[in-house]
Amino acid sequence: MIRGKRILLGICGSIAAYKAPHFVRLLKKEGAEVQCILTPDAHLFVTPTALATVSQRPCLTEFTKSEDGTWNNHVALAEWADVFIIAPTSANTLAKMATGRCDNLLIATYLSAKCPVHFAPAMDLDMYRHPSTLSNISTLQSFGNILLEPGTGFLASGLEGKGRMMEPEEMVNSLKIHFELAQQLNGQHWLVTAGPTYENIDPVRFIGNYSSGKMGFAIAEALAQSGAKVTLVAGPTELETHHPNIQTIKITTALQMLDACLSVFPKVNGVIKAAAVADYRPETIAPEKVKKSSDTLTLQLTKNPDILATLGKMKTNQKIVGFALETENALEYAQQKRINKHADAIVLNSLKEEGAGFQTDTNRVHWVTESGCESWPLLPKEEVAKLIVQKIVSL
Ligand code: CTP
């Protein structure tokens with residue numbers, strides 16, 4: 001999958017840069033072309049000569065070549081690349097990438113890049129967990145950049161914690177998966193739903209649920225990063241995505257979500273319904289604010305249409321993936337939902353499992369299909385999303 005691919009490798013001033021020549025060697029062994037770009041301080045941690053030797057290309061740092069003053073064209077570099085991987089990404093470069101600062105060749109190339117950008121943060125644990133670093137990482141992800149999650153372990157400072165750059169072997173593997181998925185998903189169009197729905201009671205009140213939308217947004221981004229076009233139908237959530245492959249339709253109620261889904265369903269290759277749709281809505285919406293009067297108040301509710309089941313009945317050759325949130329008899333109920341809603345797979349999560357479900361950054365899910373149930377470990381939602389995308393191409 002990597003053979004013949006043009007890989008631009010950005011290297012920042014972080015101690016993990018000492019692993020860069022090994023990473024380049026692994027990529028070259030796979031048959032890739034590799035062009036290294038260093039930030040001005042990266043040479044303190046790895047020599048440009050070593051990188052030029054293993055990549056068989058001159059290593060670039062400056063906007064111009066020192067010998068004759070000709071331009072190292074960042075736009076041409078960005079256009080040349082099939083993928084841009086910045087490893088290690090220092091805290092400083094993360095901040096520049098997130099805010100659009102542009103004071104070196106690496107960053108100028110990043111701002112010009114239209115190819116997928118992967119970034120592998122590497123820094124000490126306190127720098128990594130600083131709110132500004134975490135917020136910069138989220139910002140980059142919302143731009144569609146792909147996080148190569150750092151590992152936890154022994155750090156150069158002597159401390160132990162999260163902040164180790166992903167190992168070169170794992171990064172090669174991640175790139176292989178990226179190219180494999182891109183080959184299958186390029187040109188495909190997927191519908192993803194995310195977040196809760198709110199069902200209005202009166203002009204100031206609603207019935208809702210605690211869904212944050214994180215899982216659905218992560219899936220939309222993972223699909224888009226793999227080259228698919230995505231229509232994301234999102235209920236009320238604070239999340240935003242700016243990936244150019246994602247078109248977001250914002251809705252509030254289940255009926256609006258149904259309309260939005262029906263409008264795109266005939267055109268898509270598949271749908272992933274991660275939204276937590278309200279099963280019932282108030283039968284009538286009071287036109288004015290309901291005033292407090294008696295000691296009790298009864299709301300008459302009426303059933304919402306089951307969007308997943310509606311799409312399941314309509315499907316021609318679309319693949320359908322539903323979610324199920326259960327508190328008991330989880331697998332049995334998930335299999336029933338898969339069959340009743342004509343879904344190809346159900347992503348099952350149980351609220352009883354720690355770190356799973358609503359309002360968390362992690363999820364522990366089970367992939368349920370006709371052939372059985374595959375359980376995945378507790379993972380960040382972005383990683384769960386990547387696994388789901390890998391699975392849907394095999395459906
Ligand atoms: N779903 C839907 N429309 C609804 C309710 C649910 O499309 N009105 C979808 C959800 O997006 C999810 C799947 O159906 O993909 C299962 O949702 P879940 O809430 O677990 O199950 P329900 O079918 O609502 O059944 P119950 O609440 O009784 O478990």
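The values are calculated or read from the model by the stated rules, or taken from the named source; none is laboratory data. All figures in this text were calculated on a predicted structure; none of them were measured in a lab. Because the Cβ atoms are built from the backbone with ideal geometry, glycine has one as well, and the counts that use them run over all protein chains shown. These accessible areas exclude ligands, DNA and RNA; they are computed on the full protein's heavy atoms, side chains included. Shrake-Rupley method; radii C 1.70, N 1.55, O 1.52, S 1.80 Å.
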Given (1) among the hydrophobic types (A, V, I, L, M, F, W, C); (2) within 23 Å of Ser212 (Cα to Cα); (3) away from the ligand (no atom under 12 Å from the Cβ), Ala334 misses just (3)
Right, Glu62: acidic (Asp, Glu) and under 29 Å from Pro244 (Cβ atoms) or not? no
_Would you confirm, using the coordinates I've provided, whether Ser90 is assigned by TED's automatic domain parsing to the domain that holds Ala32 and touching a residue at least 60 places away in the same chain (Cβ under 8 Å)?_
yes
Pairing a residue in the stretch 315-332 that is acidic (Asp, Glu) with any residue that is open to solvent by 30 Å² or more (accessible area, probe 1.4 Å) and not in a loop (DSSP other than H, G, I, E, B), where Cβ atoms lie under 6 Å and the two sit 6 or more apart in sequence or on different chains, gives Glu326/Tyr333
Note on the stretch 82-96: residues open to solvent by 10 Å² or more (accessible area, probe 1.4 Å) and closer than 24 Å to Leu181 by Cβ are Asp82
Checked against (1) among the aromatic types (Phe, Trp, Tyr); (2) modelled with pLDDT of 95 or more; (3) part of a loop (DSSP other than H, G, I, E, B), Phe358 satisfies every condition except (2)
From the option list Lys352, Lys386, single residue qualifying as more than 10 Å from the ligand (Cβ to nearest atom) and assigned to a loop (DSSP other than H, G, I, E, B) is Lys352
Here the residues within the stretch 49-88 that are of a type in the set (A, V, I, L, M) and under 29 Å from Asp124 (Cα atoms) are Ala50, Leu51, Ala52, Val54, Leu60, Val83, Ile85, Ile86, Ala87
Residue hits (the stretch 122-133; surrounded by fewer than 17 Cβ atoms within 10 Å (Cβ to Cβ) and over 30 Å from Gln247 (Cα atoms)) are Asp126, Arg129, His130
Checked the stretch 41-62 for anything open to solvent by less than 80 Å² (accessible area, probe 1.4 Å) and among the hydrophobic types (A, V, I, L, M, F, W, C); matches are Ala42, Phe45, Val46, Ala50, Leu51, Ala52, Val54, Cys59, Leu60
Those residues of the stretch 358-395 that are touching a Ser or Thr at 6+ places or on another chain (Cβ under 7 Å), open to solvent by less than 30 Å² (accessible area, probe 1.4 Å) and over 15 Å from Ala194 (Cβ atoms) come to a total of 1
Sole miss for Ile272 among (1) within 12 Å of the ligand (Cβ to nearest atom); (2) without any contact (Cβ under 8 Å) to a residue 40 or more places away in the chain; (3) among the β-branched types (Val, Ile, Thr) is condition (2)
Matching residues in the stretch 134-169 (open to solvent by 50 Å² or more (accessible area, probe 1.4 Å) and either among the basic types (Lys, Arg) or under 19 Å from Lys96 (Cα atoms) (or both)) number 6
Residues of the stretch 293-322 being outside any loop (DSSP other than H, G, I, E, B), crowded, with 18+ Cβ neighbours inside 10 Å and either aliphatic (A, V, I, L, M) or within 8 Å of the ligand (Cβ to nearest atom) (or both), in sequence order, are Ile307, Leu308, Leu311, Ile320, Val321, Gly322
